[in-house]
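Asks: The structure follows.
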Amino acid sequence: MWDDEAGAISALNLIRSSNEAVAEMDKKAMTFLFANGKVELVVRNLLARKLVENPEISNEYLVVREWNKHDLVLLKDGRPEMILEGKAWIHADAIHPSKLDKGQAEIKNAFEKDLQKIRDTQKNHPGARGFISIIFSSIDTSRCSEQDAQLVGYPSLHKAGIKQAGSFEELHGLGRSLATRFLQEREEVGDIKREIMFTGNYLGMDLWVDIFVIEILPNYV
């Protein structure tokens, strides 16, 4: 059930629904998926299913994927009430300045592209509320065999991030902190919610996944 105090559409309810949707899946399957690359599409589809199954949402809104090139929207009377864009990264990206917000800054650039997509739609639909979800994941490749490391996504990047941060635990902790600071410094960002999405173990390697859901302030349209 969605939190009435937060309102039907909120960062809190979106992050809760995302985590509940993932928790309903088989843990072994989700461990495999999170260990083997970017999972924004999987999580987005699980969230859409969760929203469709929620009568508080489906009785009032139409849940639509890829409406006007947006990842996920809630429509009411044919107009968007909520827009959600989403990306997935690894914690090693977040601790590398040239990936987060300096130089090529892939995370920053992706955030700004999603932000612009939301703004463009809000010009025609000023009542639509915009959200961006960001998933960060890590897998501990620091002590596994070379053979096992090749069975996960981005093994060398995870290993380099662990080495740079000092340990696997410090990697995902530092990644969360730097991503939070990046978002807090963006003047377009209003509400920020952050939670652990998933933890597991794949082939003896610990796995850690965090999710952020950010609401974009409407006065920056």
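The values are calculated or read from the model by the stated rules, or taken from the named source; none is laboratory data. Everything quoted here is computed from the prediction, not taken from an experiment. Cβ atoms come from the backbone with ideal geometry, glycine included; neighbour counts cover every protein chain shown.
Asks: Let me confirm something: among Leu47, Leu84, Leu74, which residue is over 15 Å from the mean Cα position of the chain (by Cα), surrounded by 19 or more Cβ atoms within 10 Å (Cβ to Cβ) and within 17 Å of Ser10 (Cα to Cα)?
Replies: Matching residue, one of Leu47, Leu84, Leu74: Leu74.
Asks: So if I check each of Lys113, Lys163, Lys123, Lys193, which one is among the basic types (Lys, Arg) and surrounded by 19 or more Cβ atoms within 10 Å (Cβ to Cβ)?
Replies: Sole residue among the options that is among the basic types (Lys, Arg) and surrounded by 19 or more Cβ atoms within 10 Å (Cβ to Cβ): Lys193.
Asks: Please name all residue pairs, on different chains or six or more residues apart, with Cβ atoms under 9 Å, provided the first residue is in region 33-45 and is over 16 Å from Asp210 (Cβ atoms) and among the charged types (D, E, K, R) and the second residue is at pLDDT 95 or above and assigned to a helix (DSSP H, G or I).
Replies: Final answer for the pair search is Arg44/Ser18.
Asks: Among the residues of region 93-100, is any closer than 19 Å to Ser133 by Cβ, out of contact with any Asp or Glu (no Cβ under 9 Å at 6 or more places or on another chain) and surrounded by 16 or more Cβ atoms within 10 Å (Cβ to Cβ)?
Replies: yes
Asks: Taking region 171-187, which residues are in a helix (DSSP H, G or I), surrounded by 15 or more Cβ atoms within 10 Å (Cβ to Cβ) and either modelled with pLDDT under 95 or not aromatic (Phe, Trp, Tyr) (or both)?
Replies: Result: Leu171, His172, Gly173, Leu174, Gly175, Arg176, Leu178, Ala179, Thr180, Leu183.
Asks: Of all residues in region 69-101, count the ones that are closer than 30 Å to Lys163 by Cα, hydrophobic (A, V, I, L, M, F, W, C) and assigned to a strand (DSSP E or B).
Replies: 3
Asks: Quick check on my filter: what residues within region 33-50 are touching a Leu at 6+ places or on another chain (Cβ under 9 Å) and part of a loop (DSSP other than H, G, I, E, B)?
Replies: Across region 33-50, the qualifying residues are Asn36, Val39.
Asks: Of these, Gly190, Gly200, which one is within 21 Å of Lys159 (Cα to Cα) and in a strand (DSSP E or B)?
Replies: So the residue among Gly190, Gly200 that is within 21 Å of Lys159 (Cα to Cα) and in a strand (DSSP E or B) is Gly200.
Asks: Would region 51-68 turn up any residue that is touching a strand residue (DSSP E or B) at 6+ places or on another chain (Cβ under 7 Å), of a type in the set (Phe, Trp, Tyr) and either in a strand (DSSP E or B) or without any contact (Cβ under 8 Å) to a residue 12 or more places away in the chain (or both)?
Replies: Looking for residues that are touching a strand residue (DSSP E or B) at 6+ places or on another chain (Cβ under 7 Å), of a type in the set (Phe, Trp, Tyr) and either in a strand (DSSP E or B) or without any contact (Cβ under 8 Å) to a residue 12 or more places away in the chain (or both), one finds none in region 51-68, hence no.
Asks: Here is a follow-up. Determine, yes or no, whether Asn36 is surrounded by 13 or more Cβ atoms within 10 Å (Cβ to Cβ) and under 26 Å from Pro218 (Cα atoms).
Replies: No: the conditions fail for Asn36.
Asks: Kindly evaluate Arg194 against the criterion of being of a type in the set (Lys, Arg) and in contact with a helix residue (DSSP H, G or I) (Cβ under 7 Å, 6 or more places away or on another chain).
Replies: Taking the combined requirement at face value, the residue satisfies it.
Asks: Contact list please: Cβ distance under 6 Å, first residue in region 73-85 and within 29 Å of Ile107 (Cβ to Cβ) and in contact (Cβ under 8 Å) with a residue 24 or more places away in the chain, second residue surrounded by 13 or more Cβ atoms within 10 Å (Cβ to Cβ) and of a type in the set (Gly, Ala, Ser), pairs at least six apart or on different chains.
Replies: Filtered contacts from region 73-85: Pro80/Ala128; Ile83/Ala128; Ile83/Gly130.
Asks: Please pick out the residue among Asn13, Asn59 that is surrounded by 13 or more Cβ atoms within 10 Å (Cβ to Cβ), polar (S, T, N, Q) and more than 14 Å from Ile134 (Cα to Cα).
Replies: When all the criteria are applied, what remains is Asn13.
Asks: Cβ-Cβ below 7 Å, separation at least six or inter-chain, first residue in region 106-124 and part of a helix (DSSP H, G or I), second modelled with pLDDT of 95 or more and of a type in the set (Phe, Trp, Tyr): which pairs?
Replies: Ile107/Trp89
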